[in-house]
Amino acid sequence: MQMHGSELRQKALGLLRNGSKNADVARALDVPLGTVSYWRHVDRAKRGECPGAHRAPCPRCDGRELDEAAYSYLLALYLGDGHIIQYSGHRVPSLMISCGDDWPGLMDACEAAMRAVFPDNSTCRVRRTGCHNVKVYSKHLWCMFPQHGPGKKHERTIALEPWQQQIVEEYPWEFIRGLIHSDGCRITNWTVRLVGGERKRYEYTRYFFTNKSDDIRDLYCEALDMVGVEWKMTRRGQDPFNISVARKASVALMDVHVGPKY
């Protein structure tokens, strides 16, 4: 076994105390990473700096300040493409939002919202076919998303708590943007008209939101009403799953505050 002298150990500890990463110190001093990690652990233990159990404060339980704009957006993402789960081998539940790889900007916005709402918790991205699951672990997910429950969202009641309703009313555009980013789209339709004997192509933009849950669609429509966006329900066969925004002034408003996915 290779032995390392106290001088080398002290040099490593000096670098670590100044903020260097374990891997960088190991590489610079040609010392195994496990050895550097052990030295750091012993040094922190002697100075009483070893971390204890992670107890991140909660806005609901502990009164921690909440980034309400980010929460309004994240709540909408959860209602559209998110779910909360706790595996038997994990100590805490995780919030997972599925984000398509075609829209990396949406994925970044999702992760940024998670970090803003849960600043003391780590986030990660798990690769799946055609998408990434953006995740955050927290013991307080049940507090922050009381809509969680067994079964599919469209098969159970989805209703906002009064404190959530207040946040959505304060930040309706963030809520609308989150719903569009999860279960909506911005498309360009076109048609051909005969004008002066000549066929001309006309293009026009529309926003669609599609969700099987009557409650979630109602929440979306209520938010549109708050900001003065006109909408109408359209059908997919016999099912009223789609909410359309097509009037020019309303589309212009949506373009300012939502825009296409990116």
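The values are calculated or read from the model by the stated rules, or taken from the named source; none is laboratory data. The shown structure was predicted, so the numbers you read here are calculated from the model rather than taken from an experiment. Positions of Cβ are generated from backbone atoms using ideal geometry, with glycine treated the same way; all protein chains shown enter the neighbour counts. Heads up: the accessible areas ignore ligands, DNA and RNA and are worked out on the full protein's heavy atoms, side chains in. Shrake-Rupley method; radii C 1.70, N 1.55, O 1.52, S 1.80 Å.
Just one of the numbered conditions (1) farther than 30 Å from residue 55 by Cβ; (2) of a type in the set (D, E, K, R); (3) open to solvent by less than 70 Å² (accessible area, probe 1.4 Å) is not true of residue 174: (1). Here is the figure for segment 73-104: residues that are within 18 Å of residue 260 (Cβ to Cβ), in contact (Cβ under 8 Å) with a residue 60 or more places away in the chain and either open to solvent by less than 10 Å² (accessible area, probe 1.4 Å) or among the β-branched types (Val, Ile, Thr) (or both) total 2. Here segment 196-220 is the region considered, the condition is being touching a residue at least 24 places away in the same chain (Cβ under 8 Å) and over 19 Å from residue 152 (Cβ atoms), and the residue that is surrounded by the most Cβ atoms within 10 Å (Cβ to Cβ) is 207. Under the condition of being open to solvent by 50 Å² or more (accessible area, probe 1.4 Å) and in contact with a strand residue (DSSP E or B) (Cβ under 6 Å, 6 or more places away or on another chain), which residue from segment 137-171 is modelled with the highest pLDDT? Top of the filtered list is 137. When 193, 186 are screened for being under 27 Å from residue 103 (Cα atoms), part of a strand (DSSP E or B), open to solvent by 50 Å² or more (accessible area, probe 1.4 Å) and in the same structural domain as residue 110 (by the TED database), only 186 passes. Within segment 245-254, restricting attention to residues that are of a type outside the set (A, V, I, L, M) and either at pLDDT below 95 or open to solvent by 50 Å² or more (accessible area, probe 1.4 Å) (or both), which residue is farthest from residue 209 (Cα to Cα)? Per the stated criteria, the residue is 248.
Looking only at segment 127-151, residues that are without any contact (Cβ under 8 Å) to a residue 12 or more places away in the chain and either within 22 Å of residue 168 (Cα to Cα) or of a type in the set (A, V, I, L, M) (or both) come to 1 in all.
Tell me, yes or no, whether segment 3-22 has at least one residue that is more than 30 Å from residue 133 (Cα to Cα), within 35 Å of the chain's Cα centre (by Cα), open to solvent by 90 Å² or more (accessible area, probe 1.4 Å) and modelled with pLDDT of 80 or more. The answer is yes; a qualifying residue exists.
Applying the selection to segment 221-237, what residues are in a strand (DSSP E or B) and open to solvent by less than 50 Å² (accessible area, probe 1.4 Å)? Across segment 221-237, the qualifying residue is only 234.
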